[in-house]
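See structure below.
What follows is calculated from the coordinates using simple rules that are stated; it is not laboratory data. Computed from a predicted model, the values in this text were never measured in an experiment. Every residue, glycine as well, gets a Cβ built from its backbone with ideal geometry; the counts of neighbours run over all protein chains shown.
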Amino acid sequence: MVAMAIAVLAIVGIGVAWATFNGIGRAAPSPATADGAVGTAVPGRPVDVGHLGSASDQASLARALPPDLAAGCEPVNVTTPQLAAARCTTSDGYVLLYESYADRDTLNFAWRHELYEQDLTMDSGDCETGEPGEDGWYYEDSTQQADEGRDACFLDPAGPVLLWTDYGTNVRAWMHGNEDSSIQSMYARWVDGTFDPRR
């Protein structure tokens, strides 16, 4: 019995070591609450649930898609905790992905998890000048200048990536560049408002 117990413990130990080596044992960030404070939740990687989300969630996201892009969008499978997702292609070669979430807490959790995955820290870098990082954004005509969402950028092997959240719709959007684009050029396209979700 003692020998068997030792063998079981050894197998468990190997399993834990393998999980840690493969990144499964890394600590993921806690979700952010609506006011920016860190909350508590069970961490975990997004999981493809193999469907497009409910018809009502798809319809809600479709109403939020930018008018100039809607015709070139199609629904795609969601990953937890998304409600619905759509991939859009622009005439000049950009690919955008829009994802909807139940509330701001869930949106912020997904946001912080992605920052963790991309090794980005909040309030760092400068996407406008092409330096990978993350920051809050608000409309220039806003009197309160309170964050309307967050934006971030990084370089992926396939090209530059710009992503942002919109607190008015609980939507996160991704903009994937091509071989001719840069973080600066993508940022300039984003700030003109063409790709903003409709509120």
With +1 on each Lys and Arg Cβ and -1 on each Asp and Glu Cβ, how big is the dipole of the range 51-191 about its Cα centre, in debye rounded to the nearest 20? 580
Roughly what would the spin-label model give for ASP192 and TYR138, points 7 Å off Cα along C-beta, in nm? 2.6
Let me check I've understood the local charge: for THR169, count other residues with C-beta under 14 angstrom from its C-beta, Lys and Arg +1, Asp and Glu -1. What total comes out? 0
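Compute the Cα gyration tensor for the range 51-191, then decide on rounded, prolate or oblate, letting a ≥ b ≥ c be the square roots of its eigenvalues: rounded whenever a/c is under 1.5, prolate when a/b is larger than b/c in the other cases, and oblate in all that remain. Write out the running numbers ahead of the final one.
Values: a/c = 1.45, a/b = 1.20, b/c = 1.20.
Rounded.
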FRET E, pair ASP68, GLN118, Förster distance 25 Å, beta-carbon r, rounded to 0.05: 0.35
